[in-house]
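Contents: one structure, followed by commentary.
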Amino acid sequence: MREAISVPYLKAGLKEWIFTTDHKKIGILYLTTTYIFFLVAGLFGLVIRFEQNSPGYQIVPPDFYNYLLTGHGAVLLLWWGIASHIGGLGNFLLPLMIGAKDVAFPRLNALSWWAFFGASVLVLLTLIPGNHIKMMWTGYPPYAGNPDAGVTALYVFIIHLIGVSSIATAVNFITTYIKMRAPGITFWNTNMFVHALIAANVIQLVGVPSIAGAVTMLLLDTYLGTNFYNPAKGGDPLIYQNVFWFYSHPVVYVMILPIFGMFSEIVSTFSRKPLFGYTSMIFAIWCITFLSFIVWIHHMFVSGVPDWARVLMSYTTILIAVPTGIKIFNWMGTLYKGAIILRVPMLYALGGIFMFLIGGLTGIPNAMVAIDLGISDSLFIVGHFHYVLGMALTFGIFGGITYWFPKMTGRMYPENIGKLSFWLIFAGANIFYFFQMIAGILGNPRRYPDYPPIPEWVTLHHIQTIGALILGVGILVYTVGLIKGLTSGEEASDNPWESQSLEWRLPSPAPVDNFGDEPPKVEPDYHPYKYGAPPAF
Amino acid sequence: MEQVFAYPANWWGEAVRVWLVVAVIIYLIVAIPGMYFIMKYRFKPGEREVGDHENHGHWGLEALWTIIPTIIVLVLATYSFAVFKKQRTAPPDSMVIKVTGFMWGWETEYLDEKGNTIKKVLTVYNPTGYDLPEDQKIVVPAGKPIKALLTSKDVIHSFYVMPAMVLEDMVPGRITHLWFQINEPGEYWIFCREFCGTGHSHMFAKLKVVPPEQFTAWLKGEPSVANKENKAEKGENI
Ligand code: HEM
Ligand SMILES: [Cu+2]
Ligand SMILES: [Cu+2]
């Protein structure tokens, strides 16, 4: 057998990790970094949660609270929401799924990682008291340039570095997909995860320059006295919001599309059945990608933009429900008459799909401009995106990690711990986020460390805290499972789930040079979801 | 007919109910069969080891669940458009007030017919509590539509009239607007809902809705001096 990447990874020396251009190692670097950042930002979330538990400033002063919330939002969106599955799982899986030896530009890939690493260091620097950033992840001027908001430059440079990393990755992945597919891998037998990954990176390529421009103008305004956003000198703060959301709305699809891709992989494998509606799934992905660029005003429904713009984008926004609906219906179609096996990855994928259903249905009132006028900037919106990000996205990543764990580490993720963690997280997150939405419907503004003692609000906050505690324990259990799996997990066979997809033809863990010098032999009727024979497990 | 408590909250509430009914129905239509499939089509060794692999899709079904949702969402968006028009169009007999946000309080101006300011109420930052002296409350008459013109002196804030379930950002360099009408006298919350810094969660005001006669008397009254005194007094304990 060819030499495996490293069993365990700890055996690779520091030098190898630093100078590596191997997509698998870079993937692992991203995944570990983002996981640690996820844990820390989750801890920030818990502190925020306790602070909101009762009226009055409880445990942290408001300006420190603002730092925690800025960190929580920015890290969970950029590290957990994007980098964990694009830089992490995406790097690891893309070449394996298309039968390539590496990505198209391995050294550029290393550059992406190091730019990302730089951004991570800057985030750690903000932990130093004088360096706090408190403008929230959205960084709206004029506030973001105000001394009360902390060190504007750090915020801007974090976005810049993440942007460099994202653009380089996008160029790399798109080229890899176009140029490096093994003979026999075509558009019509590509994994859904890869389809989604490419769509997500097209969004990155088109969108990132826009947010980079927005924060660059913020930097110039703050330090060099330009007036892009200064109304006193002919500027307009709403320019920032437009340019910012032109990217930052589509970015939610950068986050969620690859998750949808993973749901498709997992649901098909564990239903022992071809993915239902493969073609309409691809159609839906590209529909979403296109629509995502013409809906950004729904983040600005109460920002003072003209009424006609609000109505127009209310229509475009609500239309996105259609392709997303197609995907949900197709997953249900895949379950129909399947032979469903509820292993840990499948539990997470199904949980994620059902929670996305709620996330999607609670997204509709945000698109209906008449309702949004009353719930904008309330805890309702926070509850809604926690359903999408805190649950659907997180379940997708957790499920993906357990699913490809054997291919990455050569070991199995422990089944019992996985199931326990799933039910804890599922219960806790639902209690927490559901009542967060209710608090918002009752008027509770977001980003409020303190609030008047309105009895209904107080009760709702107490319930949320209980949910958050259960959720926290669940995440801890899942983490214990990761460590246990890595150190003493059962040894994995090459294809423990009996998947039909290309990456499972490799030994576990995947060897250094993937398929070797010759591209893998892909049969003419290859399809990643060609299930027919019963599995042996 | 039951008396409407507040505009545009009544329309907002109606829209929320419409959405909720649609959402719950869709949820049940998807979740019940989904759960049923998961229970029914379980893998059983020797019995059910492989799913139905003849079916890779069904164009009829896929078309159906594209077209029907499209119709549903377009109807919802159009309904929301109709409500939105009412929410955004202040009745012609509205009383106009001007509210300016700042870090972290509000200044409310009452205008005469010519648009001159005849009275100002200053609501100052209370960093620790949620009570407000009488003369810092924003007073409006019950049963009369109020159009608020909004702007800001520094960063972006927003003006959320909780009983009316409506808000709009206060943007420096721009004048934005919203309107509301509260029919029952009482005291209600106003909050800033656009993040504006350390004092954001204490940027609030009280909306004091009084019978119209009482409002006229109040408007003629002389509390702007008290308001100034109060500001100085507050200034000490900041
Ligand atoms: C460990 C579990 C989590 C806890 C306890 C938690 C808790 C919270 C709380 C209390 C807020 C503040 C709401 C407010 O008053 O505005 C918040 C905001 C937020 N959370 Fe979480 N959360 C968790 C997981 C996540 C995840 C996994 C994501 C995304 C992937 C996420 C993304 C966000 C974002 C973007 C915000 C808004 C930040 C802002 O207003 O700028 N959270 N979270
Ligand atoms: Cu404010
Ligand atoms: Cu505010």
Selected residue [within 30 Å of A:SER376 (Cα to Cα) and of a type outside the set (Asp, Glu)] from A:LEU469, A:LEU486: A:LEU469
Residue in region A:44-64 that is modelled with pLDDT of 95 or more, within 30 Å of A:TRP114 (Cβ to Cβ) and either within 16 Å of ligand 3 (Cβ to nearest atom) or open to solvent by 20 Å² or more (accessible area, probe 1.4 Å) (or both) present: yes
Residue identified as more than 8 Å from ligand 1 (Cβ to nearest atom) and part of a loop (DSSP other than H, G, I, E, B) among A:GLY71, A:GLY56: A:GLY56
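Matching residues to (1) touching a Phe, Trp or Tyr at 6+ places or on another chain (Cβ under 8 Å); (2) outside the structural domain of B:TRP11 (by TED's automatic domain parsing); (3) under 26 Å from A:THR279 (Cβ atoms):
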{"position": "B:GLY46", "(1), (2), (3)": "no, no, no"}
{"position": "B:VAL50", "(1), (2), (3)": "yes, no, yes"}
{"position": "B:GLY57", "(1), (2), (3)": "yes, no, yes"}
{"position": "B:PRO69", "(1), (2), (3)": "no, no, yes"}
{"position": "B:TYR79", "(1), (2), (3)": "no, no, no"}
{"position": "B:ALA82", "(1), (2), (3)": "no, no, no"}
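A quick yes/no check of all residues on (1) under 21 Å from A:GLY485 (Cα atoms); (2) out of contact with any Leu (no Cβ under 8 Å at 6 or more places or on another chain); (3) in contact (Cβ under 8 Å) with a residue 12 or more places away in the chain:
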{"position": "A:ALA339", "(1), (2), (3)": "no, yes, yes"}
{"position": "A:ALA370", "(1), (2), (3)": "no, yes, no"}
{"position": "A:LEU379", "(1), (2), (3)": "no, yes, yes"}
{"position": "A:HIS386", "(1), (2), (3)": "no, yes, yes"}
{"position": "A:GLY400", "(1), (2), (3)": "yes, no, yes"}
{"position": "A:TYR413", "(1), (2), (3)": "yes, no, yes"}
{"position": "A:LEU420", "(1), (2), (3)": "yes, yes, yes"}
{"position": "A:MET437", "(1), (2), (3)": "no, no, yes"}
So A:TYR403, is it over 30 Å from B:ILE190 (Cα atoms), away from every other protein chain (no Cβ under 14 Å) and outside any helix (DSSP H, G or I): no
Qualifying residue in region A:489-504 (condition: away from chain B (no Cβ under 14 Å) and over 30 Å from A:LYS273 (Cα atoms)): no
Check on B:TRP59, at pLDDT below 95, buried (at least 21 other Cβ atoms within 10 Å of the Cβ) and more than 28 Å from B:GLN214 (Cα to Cα): no
Subset of region B:152-187 [acidic (Asp, Glu) and within 16 Å of ligand 1 (Cβ to nearest atom)]: B:ASP169
Residue list for region A:140-155, restricted to those being buried (at least 24 other Cβ atoms within 10 Å of the Cβ) and in contact with a Leu (Cβ under 7 Å, 6 or more places away or on another chain): A:PRO141, A:ALA144
Residue match in region A:125-132 (condition: among the polar types (S, T, N, Q), open to solvent by less than 10 Å² (accessible area, probe 1.4 Å) and not in a loop (DSSP other than H, G, I, E, B)): no
Which numbered condition A:PHE276 misses (of (1) farther than 13 Å from A:ILE328 by Cα; (2) at the interface with chain B (Cβ under 9 Å from one of its Cβ atoms); (3) open to solvent by 10 Å² or more (accessible area, probe 1.4 Å)): (1)
Residue within region B:79-101 that is more than 9 Å from chain A (Cβ to nearest Cβ), within 29 Å of A:ALA349 (Cβ to Cβ) and open to solvent by less than 50 Å² (accessible area, probe 1.4 Å) present: no
Residue that is farthest from A:GLY374 (Cα to Cα), among those in region B:154-187 that are facing chain A (nearest Cβ under 7 Å) and of a type in the set (A, V, I, L, M, F, W, C): B:VAL155
Those residues of region A:217-241 which are away from ligand 3 (no atom under 16 Å from the Cβ), open to solvent by less than 50 Å² (accessible area, probe 1.4 Å) and part of a helix (DSSP H, G or I), in sequence order: A:MET217, A:LEU218, A:LEU219, A:ASP221, A:THR222, A:PRO231, A:LEU238, A:TYR240
Enumerated helices (runs of 4 or more DSSP H) restricted to region A:340-392, each holding at least 1 residues that are facing chain B (nearest Cβ under 7 Å), closer than 30 Å to B:HIS53 by Cα and open to solvent by 10 Å² or more (accessible area, probe 1.4 Å): A:344-361
Number of positions in region A:186-207 that are assigned to a loop (DSSP other than H, G, I, E, B) and in contact (Cβ under 8 Å) with a residue 24 or more places away in the chain: 2
Selection status of A:TYR448, within 16 Å of ligand 2 (Cβ to nearest atom) and either in a strand (DSSP E or B) or within 27 Å of the chain's Cα centre (by Cα) (or both): yes
Test: residue in region A:454-469 that is within 14 Å of chain B (Cβ to nearest Cβ) and not in a helix (DSSP H, G or I): yes
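Every residue, every condition in (1) within 16 Å of ligand 1 (Cβ to nearest atom); (2) within 14 Å of chain A (Cβ to nearest Cβ); (3) modelled with pLDDT under 95; (4) not in a helix (DSSP H, G or I), yes or no:
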position	(1), (2), (3), (4)
B:TRP189	no, yes, no, yes
B:GLU194	yes, yes, no, yes
B:LYS208	no, no, no, yes
B:ALA217	no, no, yes, no
B:GLU222	no, no, yes, yes
B:ALA226	no, no, yes, no
B:GLU229	no, no, yes, no
Leading residue by the ranking (nearest to ligand 2 (Cβ to nearest atom)) among those in region B:138-157 that are outside any strand (DSSP E or B) and surrounded by fewer than 21 Cβ atoms within 10 Å (Cβ to Cβ): B:ASP154
Selected residue (criterion: surrounded by the most Cβ atoms within 10 Å (Cβ to Cβ)) from residues of region B:102-131 that are within 14 Å of chain A (Cβ to nearest Cβ) and within 16 Å of ligand 2 (Cβ to nearest atom): B:TRP104
Check on B:TYR27, within 10 Å of another protein chain (Cβ to nearest Cβ), without any contact (Cβ under 8 Å) to a residue 12 or more places away in the chain and hydroxyl-bearing (Ser, Thr, Tyr): yes
Breaking point among (1) surrounded by fewer than 16 Cβ atoms within 10 Å (Cβ to Cβ); (2) at the interface with chain A (Cβ under 7 Å from one of its Cβ atoms), for B:VAL50: (1)
Among the candidates B:PRO33, B:PRO8, residue that is open to solvent by less than 80 Å² (accessible area, probe 1.4 Å), within 30 Å of B:PHE180 (Cα to Cα) and not aromatic (Phe, Trp, Tyr): B:PRO8
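The values are calculated or read from the model by the stated rules, or taken from the named source; none is laboratory data. The structure displayed is predicted, hence computed values, not measured ones. Note: ideal-geometry Cβ built from the backbone for every residue, glycine included; neighbour counts use all protein chains shown. We work out accessible area using only protein heavy atoms, side chains counted, and drop any ligands, DNA or RNA first. Shrake-Rupley method; radii C 1.70, N 1.55, O 1.52, S 1.80 Å.
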